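*Asks:* Before anything else, here's the structure in question.
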Amino acid sequence: TGSQDLHLWQMSARGVMGWQRAMAGDREGPTQVEQAPEELSEPTGRDPYSRPSLWYVDACVALGEFGRAEDYLDQTRMLAREKTTLFVPDLAVQLARVRHLLGHPREEIVALIELALSQAREDGNLHQQINGLELWLTLIDPADAGVRQEFRQLLAEVSYSDAPILTRWHSLLD
């Protein structure tokens with residue numbers, strides 16, 4: 001139990017425990033989630049923002065701490081764009097959701113969704129393309145015929161092993 005590998009696992013697990021606390025309404029949860037990547041950065045040498053923690057964002061949003069989530073997402077998105085990582089579409093979608101909750105102008109939300117979609121297409125990431133289209137239909141224009149058509153085409157490509165998410169996506173169209 002004293003091995004370095006187990007210690008790293010315990011640090012990560014503390015972050016998940018912080019998320020669970022936040023989901024239960026504990027205001028200290030996000031702080032616990034936030035500390036995990038910082039603590040992990042010491043032995044691994046990784047920048048805590050280089051591997052985004054969507055647990056942290058989820059915890060902040062659950063407690064209505066949208067500004068805190070926005071700051072984190074903005075930092076991680078900028079770093080992800082710099083390094084052109086596969087995190088860009090997910091971070092852009094999450095940031096668009098948070099900025100929508102904060103009441104930012106529609107144009108900002110549209111730009112973030114378009115960034116997510118273009119990067120997901122470039123990466124060939126089917127699920128992130130669908131996530132971007134889902135957000136478009138949810139926040140921007142549920143009746144957008146072109147987006148609905150693209151959404152249907154991409155849904156046809158998703159494996160049936162993804163049944164739970166497929167059900168949610170199909171219900172959006174229905």
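The values are calculated or read from the model by the stated rules, or taken from the named source; none is laboratory data. Just so it is clear, the structure is predicted and the values come from calculations on it, not from any experiment. Cβ sites come from the backbone with ideal geometry, for glycine too, and all protein chains shown count toward neighbours. Accessible surface areas use protein heavy atoms only, side chains included; no ligands, DNA or RNA. Shrake-Rupley method; radii C 1.70, N 1.55, O 1.52, S 1.80 Å.
*Asks:* Glu114 fails exactly one of the following numbered conditions: (1) at pLDDT below 95; (2) of a type outside the set (Gly, Ala, Ser); (3) within 27 Å of Glu65 (Cβ to Cβ); (4) surrounded by fewer than 20 Cβ atoms within 10 Å (Cβ to Cβ). What is the number of that condition?
*Replies:* (1)
*Asks:* Right, another one. Got a number for residues in the range 25-77 being among the aromatic types (Phe, Trp, Tyr) and either open to solvent by less than 20 Å² (accessible area, probe 1.4 Å) or closer than 15 Å to Arg97 by Cβ (or both)?
*Replies:* Looking only at the range 25-77, we keep the residues that are among the aromatic types (Phe, Trp, Tyr), and these are 49, 55-56, 66, 72.
So of that shortlist, the ones also either open to solvent by less than 20 Å² (accessible area, probe 1.4 Å) or closer than 15 Å to Arg97 by Cβ (or both) come out as 56, 66, 72.
Looking only at that region, the number is 3.
*Asks:* Pull up the range 52-64, narrow it to residues that are assigned to a loop (DSSP other than H, G, I, E, B) and not polar (S, T, N, Q), then point me to the one that is nearest to Thr76 (Cα to Cα). Explain how you work it out, then say what you get.
*Replies:* Keep residues of the range 52-64 that are assigned to a loop (DSSP other than H, G, I, E, B), which gives 52-53, 63-64.
Then drop every residue that is not not polar (S, T, N, Q), which leaves 52, 63-64.
Values: Pro52: 6, Leu63: 20, Gly64: 20 Å.
Only one residue tops the list, namely Pro52.
*Asks:* Determine which single condition Ser161 fails, assuming it passes every other condition in (1) under 22 Å from Leu86 (Cβ atoms); (2) surrounded by 17 or more Cβ atoms within 10 Å (Cβ to Cβ).
*Replies:* (2)
*Asks:* Within the range 81-91, track down each residue that is assigned to a helix (DSSP H, G or I) and surrounded by fewer than 23 Cβ atoms within 10 Å (Cβ to Cβ). Let's see the steps before the verdict.
*Replies:* Here is the first cut: in the range 81-91, the residues assigned to a helix (DSSP H, G or I) are 81-83, 88-91.
Arg81, Glu82, Lys83, listed by residue number.
*Asks:* Could you give every pair whose Cβ atoms fall below 8 Å, whose first residue belongs to the range 60-89 and is more than 17 Å from Ser118 (Cβ to Cβ) and in contact (Cβ under 8 Å) with a residue 40 or more places away in the chain, and whose second residue is of a type outside the set (A, V, I, L, M) and open to solvent by 50 Å² or more (accessible area, probe 1.4 Å), counting only separations of at least 6 or pairs across chains?
*Replies:* Val61/Arg97; Leu63/Arg27
*Asks:* Please verify whether Glu108 is within 20 Å of the chain's Cα centre (by Cα), more than 21 Å from Asp71 (Cβ to Cβ) and of a type outside the set (Lys, Arg), treating the condition exactly as stated.
*Replies:* Details: within 20 Å of the chain's Cα centre (by Cα): yes; more than 21 Å from Asp71 (Cβ to Cβ): no; of a type outside the set (Lys, Arg): yes.
Judged against the criteria, Glu108 is not a match.
*Asks:* Another question, if that's okay. How many residues are open to solvent by 40 Å² or more (accessible area, probe 1.4 Å), in a helix (DSSP H, G or I) and within 14 Å of Phe87 (Cβ to Cβ) when one looks only at the range 120-146?
*Replies:* Qualifying residue count, the range 120-146: 3.
*Asks:* State whether one or more residues within the range 128-139 are out of contact with any His (no Cβ under 9 Å at 6 or more places or on another chain), of a type outside the set (S, T, N, Q) and without any contact (Cβ under 8 Å) to a residue 12 or more places away in the chain.
*Replies:* No, that holds for no residue.
*Asks:* Moving on. Does any residue of the range 92-105 turn out to be over 30 Å from Gly25 (Cα atoms), open to solvent by less than 40 Å² (accessible area, probe 1.4 Å) and modelled with pLDDT of 95 or more? First the steps, then the outcome.
*Replies:* To start, the set of residues in the range 92-105 that are over 30 Å from Gly25 (Cα atoms) comprises none.
The answer is no, given that none of the residues of the range 92-105 is over 30 Å from Gly25 (Cα atoms), open to solvent by less than 40 Å² (accessible area, probe 1.4 Å) and modelled with pLDDT of 95 or more.
*Asks:* Condition first: within 24 Å of Asp74 (Cβ to Cβ), at pLDDT 85 or above and not in a helix (DSSP H, G or I). Now tell me which residues in the range 1-51 satisfy that.
*Replies:* Arg27, Glu28
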